[in-house]
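All remarks here apply to the structure that follows.
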Amino acid sequence: MPGQKRNELLTGTERERLINRRDMGDAKTRAANDSRAKKKLAAWVENLRDVELILENLPDEMSESVVDEFAVYRLISVVEELLRVKEFRRIGGDINDPASWQTAPGRPADELDIARSTLLASVLGGVGQFLGADNPVIRAVTLSKIYADPILRGRMSEEEKRSAERCISAMKNVYGVDLEDVYSHTT
């Protein structure tokens with residue numbers, strides 16, 4: 001079995017077994033691999049403060065040279081998975097009637113739901129500064145999803161089409177990603 005590279009969290013075998021765990025016939029091997037993966041996840045979570053400390057204190061030029069742009073997007077994806085695993089819930093209701101706040105029809109929001117949303121909103125405020133409240137790209141991304149549907153595209157104004165096309169073009173030119181293809185598979 002090949003050794004694990006120092007900078008890898010999982011070995012190739014562990015990664016393969018995790019990806020194919022549902023199809024793995026050997027329950028003992030699956031359980032052992034799951035246990036190893038869980039321990040590695042726990043170690044990673046315990047070291048997040050160290051990562052934060054490094055990013056806060058190491059000169060930006062040094063951090064920038066080892067952190068590629070896609071690390072930001074991968075980390076946001078990891079955050080989404082963590083929120084799902086911890087069963088965070090979206091809260092709806094009338095701001096003027098806290099008794100109406102609920103996480104699902106008929107399920108009142110409890111103290112944990114409210115505390116989580118409060119902390120999440122304050123943390124996301126820091127992330128939100130990089131988008132800005134008046135960022136036209138946020139709306140243009142929604143328009144680009146509509147643009148992917150030929151029928152809906154015909155209902156868009158020329159200005160809306162230009163906004164959508166600007167996002168589509170930027171993604172193609174910078175990242176080589178065709179948003180029209182991505183959105184046409186999700187609609």
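Here is how the numbers come out for the structure above:
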quantity: Selection count where residues are over 23 Å from the mean Cα position of the chain (by Cα) and surrounded by 10 or more Cβ atoms within 10 Å (Cβ to Cβ), scope region 142-165; calculated: 10
quantity: Those residues of region 147-187 which are under 24 Å from residue 128 (Cα atoms) and among the β-branched types (Val, Ile, Thr), in sequence order; calculated: 168, 174, 177
quantity: Which numbered condition residue 27 fails, given (1) of a type in the set (A, V, I, L, M, F, W, C); (2) closer than 30 Å to residue 131 by Cα; (3) exposed (fewer than 10 other Cβ atoms within 10 Å of the Cβ); calculated: (2)
quantity: Scope region 30-64; condition among the β-branched types (Val, Ile, Thr) and loosely packed, with under 11 Cβ neighbours inside 10 Å; matching residues; calculated: 45
quantity: Elements of type helices (runs of 4 or more DSSP H) in region 22-127, at least 3 residues being of a type in the set (A, V, I, L, M); calculated: 27-46, 48-57, 69-85
quantity: The one condition in (1) in the same structural domain as residue 82 (by TED's automatic domain parsing); (2) within 25 Å of residue 76 (Cα to Cα); (3) over 21 Å from the mean Cα position of the chain (by Cα); (4) among the aliphatic types (A, V, I, L, M) that residue 99 fails to fulfil; calculated: (2)
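Residue by residue, here is whether (1) in contact with a helix residue (DSSP H, G or I) (Cβ under 7 Å, 6 or more places away or on another chain); (2) surrounded by 10 or more Cβ atoms within 10 Å (Cβ to Cβ); (3) over 23 Å from residue 162 (Cα atoms) holds:
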| position | (1), (2), (3) |
| --- | --- |
| 99 | no, no, yes |
| 105 | no, no, yes |
| 108 | no, yes, yes |
| 112 | no, yes, yes |
| 117 | no, yes, yes |
| 122 | no, no, yes |
| 127 | no, yes, yes |
| 137 | yes, yes, no |
| 140 | yes, yes, no |
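The values are calculated or read from the model by the stated rules, or taken from the named source; none is laboratory data. The shown structure was predicted, so the numbers you read here are calculated from the model rather than taken from an experiment. Here the Cβ is made from the backbone with ideal geometry for all residues, glycine too, and neighbour counts use every protein chain on show.
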